[in-house]
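Just so it is clear, none of the values below were taken in a lab; they were calculated from the coordinates. Please read these numbers as outputs of a predicted model, since none were measured by experiment. As a convention, Cβ positions derive from the backbone with ideal geometry for all residues, glycine included, and neighbour counts pool all protein chains shown.
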Amino acid sequence: MDDDLRAAAETAIHQCLDLGSDESLAVVTDDERVEIGEALYAVAGDVTDDASVVRYGPGDQHGAEPPAPVAAAMREADAFLAPTTKSLSHTRARGAATDAGARGATLPGITREVFLAGLDADYDAIAAACAEVRAQVADADEVRVTTEAGTDIAFEPGSREWHSDTGDVSEPGTFSNLPAGEVFVSPETAHGTYVVDGTMMPHGRLDGRKLRFEVADGVVTRISDDDVREQVETAAETAGEAAYNLAELGIGTNVGVTELAGSVLLDEKAAGTVHIAIGDDAGIGGDTEAPLHLDGIVREPTVYADGEVVDLPSIEQ
C-alpha cells in the first residue's frame, strides 16, 4: 500500500470512525474496489486484532441488497466501512446494521482518485458548514430551489427531520457517507421541475448536458433522459410507483471539493451544490422502499427557506 492510500485510510479509521483496539471492524468491498478495501483493512489491523474483509461481486444497481453474509457481517461488527461499486447506503442491510448499534460509513462508487481527494479534507470545517446550513433550513415549511438552467422546485419536509452528514461516525448506530459533507432531508412531498447539469449516473459529469425532471405530489412524472428513465423503469418492474418517488433534497457542504469529478459520491458533497434523488428514502427518514436511489447534482442553485435565501457554503480556493 502506498503512502497516499494509507493517509486517506487513516482519516477514515482514526478521524471518522475513531476505531478502538477492543472493537471489531468489517470492511465490506467487492471485486472492483479491492485496493481501497485492503487499504482500510491494513490500517484497521494496526488498531485492532478483530478486523476482517468481506468481498463479493459488484451489485447490479445502487440500493440493491447485498448477499446475506455481507449483511450479517455489517450487523454483527462494532463498526463497518463499505467501499463498493454500487451503493449500500439505502439498503435494508445497512439500516439493520445501524439499528443493531453498528456504526460506519459506505463509500459507494469510490475510486482511488475520489478516495484520495475526498478524505483529504478538514472534517471540522465540514461539520461547521453542516451546522450553518441546517440551522437555516431545519424549521422551514417549504424549501425552494431555483437555477438559471431551469430548476424551480419546492419541497415540503413536513414532519421529517433534516440530517447532517459530517463524516463523524464515532458513536454507536451512527452512519455516514464517505467522503462526507451534506445536509439532507427526505421530503414528504415536492412539486416542480429540476434540471441536473452537474453529475448523474450512468453519465458521470454532464459537461453541458442538461437532464430535466418533472415532479408532482412527490412523484417524478417525466424524465427527459432515456438512460436514466430506463433505470427507473427497470426498478419499477418490481417496485411499482415507488421507483419514481422523489426521495431526497441534499445540500453539499464539503468545502474542500473544488470541482466536479464525475463521481456522484464526491460531487454531491461539493459545497454550494444541491442534489435531488429518485427512489428509495427508507434509509434517510422516509417510508418508500425501492431498489434504486439515483442522485442528480444541480449546479449554482439558489435555495430559499420559507422565502428567505439560504447562505450556502462556498469552496476553499
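Overall shape: rounded for the range 1-128, with the ratio a/c of the largest to smallest alpha carbon gyration tensor axis below 1.5. Note on the chain: percent of Cα-Cα distances in each 10 Å bin, starting at 0 and stopping at the bin with the largest distance, equals 6, 29, 37, 22, 5, 0.
Take every pair of alpha-carbon atoms less than 8 Å apart whose residues are at least six positions apart; their mean separation over the length of the chain yields a relative contact order of 17 percent.
Helices in the chain that qualify as membrane-span-like (whole DSSP H runs, Cα extent of at least 18 Å along the helix axis, mean Kyte-Doolittle hydropathy of -1.0 or higher) are 123-137, 226-239. With R₀ set to 25 Å, the beta-carbon distance separating residue 128 from residue 14 gives a calculated FRET efficiency near 0.80. Applying a DSSP loop filter and a limit of 15 other Cβ atoms within 10 Å to the GluC sites (Glu not before Pro) in the range 230-283 leaves 259.
With coordinates expressed along the principal axes, the C-alpha atoms belonging to the range 63-123 extend over 31, 22, 16 Å, beginning with the largest. So what's the net charge close to residue 22: Lys and Arg +1, Asp and Glu -1, counting the other residues with Cβ under 12 Å from its Cβ? Counting the neighbours of residue 22, the net charge comes to -4. If you wrap the tightest convex hull around every Cα atom of the range 28-103 and split its volume per residue, you get 73 Å³.
Peptides 76-85, 155-164, 121-130 ranked from most to least packed by the mean count of surrounding Cβ atoms within 10 Å: 76-85, 121-130, 155-164. Put simply, the convex hull of the Cα atoms in the range 123-309 casts, on average, a shadow of 9.8 nm². Across the range 89-217, Cα-Cα pairs more than 26 Å apart make up 35 percent of the total.
Across the range 258-295, no residue has a backbone nitrogen under 13 Å from the label position 7 Å along the beta-carbon direction of residue 241. Counting 0.36 nm for each residue step from residue 116 to residue 64 and taking away their Cα separation leaves a gain of 16.1 nm. Measuring between their Cα centroids, the range 194-229 and the range 250-317 lie 14 Å from each other.
The average projected area of the range 176-282, computed from the convex hull of its Cα atoms over all directions, is 6.6 nm². Hydrodynamic estimate: the Kirkwood radius of the range 9-66 over Cα pairs, inserted into Stokes-Einstein at 4 °C and 1.567 mPa s, corresponds to D of 108 µm²/s. Counting Lys and Arg as +1 and Asp and Glu as -1 over every other residue whose Cβ lies under 11 Å from the Cβ of residue 253, the net charge comes to -2.
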